[in-house]
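Enquirer: Here it is, the structure, as structure tokens.
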Amino acid sequence: MPEVGGSNPPLPIRLYRMKEDLFNLLALQEIDDAIRGLQHSIESLPEVIKQKERNVEEKERLLDEKRANLKEVLKLERSKEREIDEIRDRIAKHERQRLEAKTNIEYQTLTHEIEVEKAKILEIEEDLKLVWERMDALEREIKELETEAANAKNMLEQEKMQLLAKQKEWEDELDKLKDKRKRLLPHIPELLLQRYERIRKNKGGKGVALVKDNVCTACGAEVPPYKIAILKSYREILTCESCGRILIWKED
């Protein structure tokens, strides 16, 4: 019989058991949430590592691209220098021909051709200045990218080791949680457990929802006052009218 005169009379044994069952179910939900979180972290780890590897690969790709650009600029430089050498050969030839000129017109013609060729050299030399500027810029960029790529590789190896160590921690914690879950299951009635598992499967892993401020914390739906009274008394198991999860009242 409940005690008389107390502001919070003790619950009958049957209700005590229902309250304990629901709180065990809540504890199971918390374990399942933690398990799901760890499993997600472990499963997403390879993609995290791949993303970091892609970042390194992108730096190496940029480095290869800059090296290829530098190679093209060096080819252009050699082409311009060969062009200048060819023009100088022609100038030397014209100068020899000018020394052997028989007429004034022939001399003037060769002199004009020499001046034209010299003007071409000046134009090419201006082009070469731009080529050299581009070459200097590329060499600086390559040096910076080489440093960045080397640092990124070193950082990647360190992060891989840290992530693999973290994975081991997560796997150990996951094993502990699974063992804790296994030990908790016998303390929850089979029918209640089946109901929880069915709801959890259909509701993204959440089979239980606390009620706070008269609202289901899972979906935000308001819980009617009469249901709040039932939940507080632990007389029966209720579900949210909106999301269908098992509702639990827990004093703050």
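The values are calculated or read from the model by the stated rules, or taken from the named source; none is laboratory data. Computed from a predicted structure; not experimentally measured. Using ideal geometry, Cβ is built from the backbone for each residue, glycine included, and neighbour counts are taken over all protein chains shown.
Enquirer: Quick check on my filter: what residues within the stretch 204-216 are part of a loop (DSSP other than H, G, I, E, B) and within 17 Å of A34 (Cβ to Cβ)?
Expert: G204, G205, K206, G207
Enquirer: Could you please find all residues in the stretch 220-240 being assigned to a helix (DSSP H, G or I) and of a type in the set (S, T, Y)?
Expert: Of everything in the stretch 220-240, those that are assigned to a helix (DSSP H, G or I) and of a type in the set (S, T, Y) turn out to be Y226, S233.
Enquirer: Something else about it: Tell me whether the stretch 154-175 contains one or more residues that are of a type in the set (G, A, S), surrounded by 11 or more Cβ atoms within 10 Å (Cβ to Cβ) and out of contact with any Lys or Arg (no Cβ under 6 Å at 6 or more places or on another chain).
Expert: For the stretch 154-175, residues of a type in the set (G, A, S), surrounded by 11 or more Cβ atoms within 10 Å (Cβ to Cβ) and out of contact with any Lys or Arg (no Cβ under 6 Å at 6 or more places or on another chain): absent.
Enquirer: Might you let me know whether the stretch 95-112 holds any residue that is touching a Ser or Thr at 6+ places or on another chain (Cβ under 9 Å), surrounded by fewer than 16 Cβ atoms within 10 Å (Cβ to Cβ) and small (G, A, S)?
Expert: The answer is yes, given that some residue of the stretch 95-112 is touching a Ser or Thr at 6+ places or on another chain (Cβ under 9 Å), surrounded by fewer than 16 Cβ atoms within 10 Å (Cβ to Cβ) and small (G, A, S).
Enquirer: If you don't mind, another one. Please determine, by comparing only the residues of the stretch 197-238 that are among the hydroxyl-bearing types (S, T, Y) and more than 38 Å from the chain's Cα centre (by Cα), which one is surrounded by the most Cβ atoms within 10 Å (Cβ to Cβ).
Expert: If we take residues in the stretch 197-238 being among the hydroxyl-bearing types (S, T, Y) and more than 38 Å from the chain's Cα centre (by Cα), then Y234 is surrounded by the most Cβ atoms within 10 Å (Cβ to Cβ).
Enquirer: Could I ask something else about it? Out of all the residues in the stretch 148-161, is one or more touching a Ser or Thr at 6+ places or on another chain (Cβ under 7 Å), assigned to a helix (DSSP H, G or I) and basic (K, R)?
Expert: no
Enquirer: Out of K50, K66, which single residue is within 13 Å of A149 (Cβ to Cβ) and either assigned to a helix (DSSP H, G or I) or modelled with pLDDT of 95 or more (or both)?
Expert: Step by step, each of K50, K66 is checked, and only K66 is within 13 Å of A149 (Cβ to Cβ) and either assigned to a helix (DSSP H, G or I) or modelled with pLDDT of 95 or more (or both).
Enquirer: Mind counting the residues in the stretch 119-157 that are among the acidic types (D, E) and over 43 Å from the mean Cα position of the chain (by Cα)?
Expert: Result for the stretch 119-157: 4.
Enquirer: Also, quick follow-up: For the stretch 146-157, does any single residue satisfy the condition of being over 23 Å from R67 (Cα atoms) and among the basic types (K, R)?
Expert: no
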